[in-house]
Every structure is written in C-alpha cells, then in structure tokens.
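To keep things clear, I will list the structure first and then write my remarks on it.
A short reminder: the numbers here are calculations on the coordinates, not readings from a lab. Please read all numbers here as calculations on a predicted model, not as lab measurements. Reconstructed Cβ throughout: ideal geometry from the backbone, glycine too, with neighbour counts over all protein chains shown.
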C-alpha cells in the first residue's frame, strides 16, 4: 500500500478527516501534497503492485511541475505509464527525487549533472540552528530547474535552511 502525507481513507475518498484537516491548517502538509496523495490513491487502484511499497514524503510545486520526494519510488521513475497516470490526474508534470538513507546520494542525483564538492553543516547562532552549505561544481545552465528552485527543494529534503555555492 502506498503511504502518503494524508491518511489512506482521506486519499481514497477525497475528503479530509479532522486529523488531516488539522495537519493542513498547521502547515504540516500542503494542498499540493493533498492533491498528489489523492492522485496516488487513484493510481494505486490501477497499479497496486507498482505502488505497494512507495512512500510519498513531500510534494512541492515548482513553476509548471511538481517535485515529489519519495522513498522506494523506483517504479515511479522507471514506469512511464504510471508516471503519466499521476501527471494526468494532477494536471502537471512531475519530477521524482528518490530519498536515500545517505543524504549526499540523494543530493547527488538531485543536483546532477553538477558535482557536489562538499556538504557542510553550519551552526548558526544564537539558537544554534543548523544550515547546510552545499558546494557545487559545474554549469548551472544544465540543471532541470533554476538554482533558486532547487534550493527550495533541497530545504525540503534536508529540513534545514540551505546555502548553495557554485565554484568553477
């Protein structure tokens, strides 16, 4: 069974329960994630085996597409028909980022074809918050999305503020 930010019942019925409405009001989930969760529930009826172990962690709208942060989403990436079904349901193209246990590998795929030179954790006073500084090497013109939008997605992945630095 596919796991989404909203409960299974809400995803299948299209109506949010009290708990999911509360998560939406508090900003723990977004309207985009609700929409994508519903699309996943519909797609699961058609492709139950392909989506049975997939987890949708987050969904983020960028320009005319939606970036999905998934775990075990290999079937989404490899099966064009399944991907098309979800895109048709949400009426936008999707980009899939597979979350790996190793954050560096997740970022490496995400920022490809740029190379990651280093990822540093910076502690920011006075509260001691953590910020990630990701140093990239390569031509930003080759990226799928503008760098500022990729920064937003990187912050979703890391759950921390991100600073991107480009070197020649």
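Some notes on this structure:
- Result for the chain in a Gaussian network model with C-alpha springs under 10 Å: among 54, 117, 32, the largest mean-square fluctuation is at 117.
- The chain: angle of helix 147-158 to the longest principal axis, Cα-based, in degrees nearest 10: 70
- Residue with peak Gaussian network fluctuation, the chain [Cα springs, cutoff 10 Å], from 27, 138, 73: 27
- Between the alpha-carbon centres of region 109-156 and region 1-32 there is a gap of 29 Å.
- Label point of residue 101 set 7 angstrom out along Cα-Cβ; within region 23-65, amide nitrogens under 20 Å from it belong to 53-57.
- Folded to 0 to 90 degrees: helix 31-46 orientation relative to the chain principal axis, Cα: 50
- Cα-based helix-to-principal-axis angle, 80-90 vs the chain, degrees rounded to 10: 80
- The reciprocal of the average 1/r between distinct C-alpha atoms defines the Kirkwood hydrodynamic radius, which for region 103-167 equals 12.0 Å.
- Highest-fluctuation residue, 115, 102, 148 considered, GNM on the chain with Cα pairs under 10 Å: 102
- Region 8-98 - Rg and Dmax from Cα coordinates, angstrom: 12.5, 36
- Principal axes of the chain: Cα extent on each, largest first, Å: 49, 38, 28
- Cβ-based exposure ranking for 47, 84, in which fewest neighbours within 10 Å come first: 84, 47
- Residue order for 166, 114, fewest other beta carbons within 10 angstrom first, comes to 166, 114.
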